[in-house]
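The values are calculated or read from the model by the stated rules, or taken from the named source; none is laboratory data. Every value quoted in this text rests on a predicted model; they were computed, and no experiment measured them. Neighbour counts run over all protein chains shown; Cβ positions are idealised from the backbone, glycine included.
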Amino acid sequence: MEESTAREKILKKVRDALIEKTEAPYPIVDQEISVYKELTEPLDITFAEALVKAAGKFVYCESEDEFIGNLKSFILEKDWGVLFCKDPKIQHLLKQGGVPYESHNETFLEARIGITRCEYLIARLGTVMVSTRLSPGRKITVYPEIHLILGYTCQLVPDLKQALVNIKKKYKDHYPSMVSLITGPSRTADIEKTLVMGAHGPKEFYVFLIDDARSVNL
């Protein structure tokens, strides 16, 4: 009987609350207004600064030829070895530039360095958006010790909201099975608050930004 009375009291309060409308204690929030301050620097500079703060490496290239030249220099200076690449568009650039690469699945587990394209570059966060619609899918973004991203200035967007809007327009009814965000190399400080790089993915993360989107069809 007591339980029934307590239940009736609660239901009565709910009914009274529904009948007697009260004013909202807080003003209605405009969901369309940006929470960020307006950017004062160009998107490429903003992206580069944010990426470096997240322990990523930024390499600016005026053209695809300069990208190949920079890539060759890094391979020699850092003794990276052979790249692993499954993306036909990047393979075409590498072949033209005389850069050797591996693409057979049998050699993937031995790959120290992998290269992929991206969907968008989020300037404000220094973040790279990738998806499974870009060859070779998921594994190359997390397995190799070093991950290289090839991006173009046309892929720069100010914030995450714009990137999500763009990717939805791009794929429409054929949305990728996975969309992921990468901000610098993998890291963790879970154990004794000691920062460890490469805990769940690449130890090093490079973004090569080409300032000419007209030479490829993204």
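Every condition in (1) surrounded by 10 or more Cβ atoms within 10 Å (Cβ to Cβ); (2) modelled with pLDDT under 85 is met by Val35 except one, and the failing one is (1).
Across region 94-135, the qualifying residues are those that are in contact (Cβ under 8 Å) with a residue 60 or more places away in the chain and among the aliphatic types (A, V, I, L, M), and the one among them that is nearest to Tyr206 (Cα to Cα) is Val128. With respect to (1) under 22 Å from the mean Cα position of the chain (by Cα); (2) more than 19 Å from Val157 (Cα to Cα); (3) modelled with pLDDT under 95, the lone exception for Gly81 is condition (1).
Residues checked against (1) closer than 30 Å to Leu148 by Cα; (2) more than 27 Å from the chain's Cα centre (by Cα):
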position	(1), (2)
Arg7	no, yes
Val14	no, yes
Ile33	no, no
Thr40	yes, no
Ile68	yes, no
Ser73	yes, no
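The C-beta contact set for region 36-48 (first residue under 14 Å from Ile122 (Cβ atoms), second residue surrounded by fewer than 13 Cβ atoms within 10 Å (Cβ to Cβ), distance under 9 angstrom, 6+ apart or interchain) comprises Thr46/Thr40. Of the residues making up region 103-116, those that are of a type outside the set (S, T, N, Q) and buried (at least 18 other Cβ atoms within 10 Å of the Cβ) are Ala111, Ile113, Gly114, Ile115. Taking Leu76, is it more than 28 Å from Lys161 (Cα to Cα) and at pLDDT below 95? Spelling it out, Leu76 is indeed more than 28 Å from Lys161 (Cα to Cα) and at pLDDT below 95. Considering (1) among the hydroxyl-bearing types (Ser, Thr, Tyr); (2) closer than 16 Å to Ser180 by Cα; (3) surrounded by fewer than 15 Cβ atoms within 10 Å (Cβ to Cβ), the lone condition that Ser131 does not fulfil carries the number (3).
Please work out if Tyr206 is hydroxyl-bearing (Ser, Thr, Tyr), at pLDDT 90 or above and either out of contact with any strand residue (DSSP E or B) (no Cβ under 9 Å at 6 or more places or on another chain) or surrounded by fewer than 16 Cβ atoms within 10 Å (Cβ to Cβ) (or both).
no
Could you say which residue among Gly97, Gly69, Gly56 is within 26 Å of Gly137 (Cα to Cα), exposed (fewer than 15 other Cβ atoms within 10 Å of the Cβ) and of a type in the set (Gly, Ala, Ser)? Step by step, each of Gly97, Gly69, Gly56 is checked, and only Gly97 is within 26 Å of Gly137 (Cα to Cα), exposed (fewer than 15 other Cβ atoms within 10 Å of the Cβ) and of a type in the set (Gly, Ala, Ser).
Among the residues of region 4-19, is any surrounded by fewer than 13 Cβ atoms within 10 Å (Cβ to Cβ), modelled with pLDDT of 90 or more and part of a helix (DSSP H, G or I)? There is no residue in region 4-19 that is surrounded by fewer than 13 Cβ atoms within 10 Å (Cβ to Cβ), modelled with pLDDT of 90 or more and part of a helix (DSSP H, G or I).
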